[in-house]
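The values are calculated or read from the model by the stated rules, or taken from the named source; none is laboratory data. Keep in mind that what you see is a predicted model, and the values were worked out from it rather than measured. Cβ: placed from backbone, ideal geometry, glycine included. Neighbour counts: every protein chain shown.
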Amino acid sequence: MEYFKKILRFAKPYKRYAILNIIANIFYALFSTLAMVSLFPMLTVLFGQTKSITVKPEWTGITNIKDYTLDYLNFFVTQNVGEHDQGYALMLMVGLVVLMFFLKNIFGYLAMYFITFLRNGVLKDLRNALYDKTVELPISYYSEKRKGDTIARITSDVLEIQHSFLSVLELIVREPLTIIFTIAAMVTISPKLTLFVFIFLPISGFLISLIGKSLKRKSDKVQREQGTFLSILEETLGGLRVIKAFNAEKTFSATFQKSTSRFYKFSNSLLHRQNMASPASEFLGIAVIGILLWYGGQMVLVDKTLEPEMFITYMGLAYQILTPAKAISKASYGVKKGNAAAERVLEILETKNPIAEKENAHPKEAFTQDIAIKEVSFKYEDDYVLKNFTLTVPKGKTVALVGQSGSGKSTIANLVTRFYDVNEGAIEIDGDNIKDLTKKSLRDLIGLVTQDSILFNDTIKNNIALSKPNATDEEIIAAAKIANAHDFITEQPNGYHTNIGDSGNKLSGGQKQRLSIARAVLKNPPIMILDEATSALDTESERLVQDALEKMMKNRTSIVIAHRLSTIQNADKIVVLQKGEIVEQGSHAALIAANGVYKKLVEMQSFDS
């Protein structure tokens, strides 16, 4: 119930629908019982068991409800038969039965109508909360988790919660009330027979509960495996070009089939156990009904302590208990399945963001002096990627970071943008520790162009405007011109309104990178971080992109992480990193003259100084 309570908090905005559902369910349960009880007067008239009573009976209290009902029925029939015939009385009794069943079903529909708003509302809000949490969590979270598993939690696990947990909301009032009203009617007809029923019902209930004990564990396996094969699918779609190039289709297909085979096995095991619930509960219920028929038959035929029409009505009520009892039994299995799904969903929702914003964090409106990285040490897992790293980037200057792969260059970009937090030391902007700033205001000051051009399945215009959603067409075009992108954009079928496909795959690498630069230009931030922005481009594209970058970096503070050294020779300062530490720093000419690590890197790239 712990998970159930946590999920129920999402139902608060829809509580008026819950209240209307409860009211409708109360009437449903009442008319459900009255529908069965209304069979009794019809049977009494049908079997000619009515007695002639001419004086209207008086109500003396709840304890005499059975005698009062019988006497009032006899009085009603006596009055009507006096004026008409038995057929007329029978027609009235049949009309009463039809009316009761009609009202039962009307309130049943209304209950379902109101609960639909609650169920779908919770589904919507739960998915929205999961999405917001997914975006809020740091990048490090997704280096440890499979993306497909996160997708599975937002899709299938949330649906499982709707089908299981929220189905319980439909039953939580209706079925117990139906059972209570029915038992009250049964006790009124025959307390002795009802006591007999309650000797056998707990036994059958215990046997049914044994079936559902392992459902949560089995359901958890099914949902985890679904996350696994969704991850494989997501990786396959992302790397389809590589898979085809290396003829690795069979390898990935085999991995996917192994996962779906496990899913098949776990699903079969779960469904076999689940499918056993309904027939088992029905059989045990019918066994109780069979014993009732024998015992009640004795009371009618041998002991003569129960009227036949009363007994038939009683049996109808007893059988009516089976439906809500089965529904409650099925719901208990649903809760066990829902528990597994809720646990996985709540695991994301309750994950604490390690890069939390301080309560007293303040916004920073402008950048005026410098970026200071002070004695920073950082590790992703066990080994330090940066060790006692210190660097100052004055306003308006360009600082380039170079070094072998794994030397910690891109890590600095991740730390300055606060995608990760430092383990030791501090990063300050104008003397303010970035941990004391709001994350939004910090990132508003920074423009980022990465090696991988991250574009979205949308129009060129919307991809550029991502950094400034309220930008005018003129501003977008101006940014595209600075990024050397305007010419190729106008050649597209629909110009700026051309859809660029998934991840911008309809464009070349150079075109995608220039759109990324246009996006950063449009944002017009005072600080620019370029993370190997030209390393994946051909010479022609690099020339256009490099020209765009140089135009963009004018009068800006820039941190340039470069793999191709030809792109940073004009930087104010070049910092050479090796295994997370600074080994050299200075201008391009000074470092060449020093004849150290930087010169070796230049010579390795066959760059003519």
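Tabulated data
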{"read-out": "Subset of segment 256-273 [of a type in the set (Ser, Thr, Tyr) and over 11 Å from Val222 (Cβ atoms)]", "value": "Ser259, Thr260, Ser261"}
{"read-out": "For Asp436: the one exception among (1) in contact with a strand residue (DSSP E or B) (Cβ under 8 Å, 6 or more places away or on another chain); (2) outside the structural domain of Asn423 (by TED's automatic domain parsing)", "value": "(2)"}
{"read-out": "Complete set of residues in segment 86-98 that are in contact (Cβ under 8 Å) with a residue 24 or more places away in the chain and not β-branched (Val, Ile, Thr)", "value": "Gln86, Ala89, Leu90, Met93, Leu96"}
{"read-out": "Given (1) charged (D, E, K, R); (2) in contact with a Gly (Cβ under 8 Å, 6 or more places away or on another chain); (3) more than 30 Å from Val597 (Cα to Cα), number of the condition Lys387 does not satisfy", "value": "(3)"}
{"read-out": "Long-range neighbours under 7 Å by Cβ, at least six apart or interchain, first residue more than 12 Å from Ala485 (Cβ to Cβ) within segment 505-520, second of a type in the set (Phe, Trp, Tyr) and outside any helix (DSSP H, G or I)", "value": "none"}
{"read-out": "Residues satisfying the stated conditions in segment 556-587, i.e. within 26 Å of Lys374 (Cβ to Cβ) and assigned to a loop (DSSP other than H, G, I, E, B)", "value": "Arg556, Ala562, Ile568, Ala571, Asp572, Lys579, Gly580, Ser587"}
{"read-out": "Any hit, segment 364-380, residues being outside any helix (DSSP H, G or I), modelled with pLDDT under 85 and either more than 27 Å from the chain's Cα centre (by Cα) or more than 24 Å from Phe198 (Cβ to Cβ) (or both)", "value": "yes"}
{"read-out": "Ser516 being under 32 Å from the mean Cα position of the chain (by Cα), at pLDDT below 90, crowded, with 16+ Cβ neighbours inside 10 Å and in a helix (DSSP H, G or I)", "value": "yes"}
{"read-out": "Search result, residues across segment 574-587 that are surrounded by fewer than 20 Cβ atoms within 10 Å (Cβ to Cβ) and not small (Gly, Ala, Ser)", "value": "Gln578, Lys579, Glu581, Ile582, Val583, Glu584, Gln585"}
{"read-out": "Pairs where the first residue, in segment 112-136, is under 14 Å from Val168 (Cα atoms) and the second is in a helix (DSSP H, G or I) and of a type in the set (D, E, K, R), C-beta under 8 Å, 6+ apart", "value": "Met112/Glu170; Ile115/Glu170"}
{"read-out": "Cross-chain or 6+ apart pairs with Cβ under 9 Å, segment 426-450 first and without any contact (Cβ under 8 Å) to a residue 24 or more places away in the chain, then in a helix (DSSP H, G or I)", "value": "Ile434/Leu415; Ile434/Val416; Ile434/Leu442"}
{"read-out": "Which numbered condition Thr498 fails, given (1) more than 28 Å from the chain's Cα centre (by Cα); (2) β-branched (Val, Ile, Thr); (3) within 27 Å of Lys554 (Cβ to Cβ)", "value": "(3)"}
{"read-out": "Every residue from segment 10-30 that is surrounded by 17 or more Cβ atoms within 10 Å (Cβ to Cβ) and farther than 18 Å from Thr323 by Cα", "value": "Phe10, Ala11, Tyr14, Tyr17, Ala18, Leu20, Asn21, Ile22, Ala24"}
{"read-out": "Condition met for Tyr109 (assigned by TED's automatic domain parsing to the domain that holds Phe311, of a type in the set (Ser, Thr, Tyr) and at pLDDT 85 or above)", "value": "yes"}
{"read-out": "Residue pairs meeting the criteria (Cβ under 7 Å; at least 6 apart or on separate chains; first in contact (Cβ under 8 Å) with a residue 40 or more places away in the chain, in segment 568-591; second aromatic (Phe, Trp, Tyr) and not in a strand (DSSP E or B))", "value": "Ile574/Tyr598; Val576/Tyr598"}
{"read-out": "Count of segment 482-505 residues which are assigned to a loop (DSSP other than H, G, I, E, B) and over 22 Å from Gln546 (Cα atoms)", "value": "6"}
{"read-out": "Members of segment 381-425 that are touching a helix residue (DSSP H, G or I) at 6+ places or on another chain (Cβ under 7 Å) and either among the β-branched types (Val, Ile, Thr) or part of a strand (DSSP E or B) (or both)", "value": "Val385, Leu386, Thr398, Leu401, Val402, Gly403, Thr417, Val422"}
{"read-out": "Among (1) at pLDDT 80 or above; (2) among the aromatic types (Phe, Trp, Tyr); (3) surrounded by fewer than 19 Cβ atoms within 10 Å (Cβ to Cβ) - the single one Tyr314 does not satisfy", "value": "(3)"}
{"read-out": "Filter result for Thr251 (at pLDDT 70 or above and surrounded by 12 or more Cβ atoms within 10 Å (Cβ to Cβ))", "value": "no"}
{"read-out": "Flag for Glu282 being outside any loop (DSSP other than H, G, I, E, B), more than 15 Å from Val197 (Cβ to Cβ), assigned by TED's automatic domain parsing to the domain that holds Leu193 and touching a Ser or Thr at 6+ places or on another chain (Cβ under 7 Å)", "value": "no"}
{"read-out": "Hits in segment 433-481 (condition: of a type in the set (S, T, N, Q) and either farther than 20 Å from Val422 by Cα or not in a helix (DSSP H, G or I) (or both))", "value": "Asn433, Thr438, Thr450, Gln451, Ser453, Asn457, Thr459, Asn462, Asn463, Ser467, Asn470, Thr472"}
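Here is a yes/no grid of residues against (1) assigned by TED's automatic domain parsing to the domain that holds Lys147; (2) modelled with pLDDT of 80 or more; (3) assigned to a helix (DSSP H, G or I):
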site: Ser259; (1), (2), (3): yes, yes, yes
site: Lys265; (1), (2), (3): yes, yes, yes
site: Ala287; (1), (2), (3): yes, no, yes
site: Gly296; (1), (2), (3): yes, yes, yes
site: Asp303; (1), (2), (3): yes, no, no
site: Ala318; (1), (2), (3): yes, no, yes
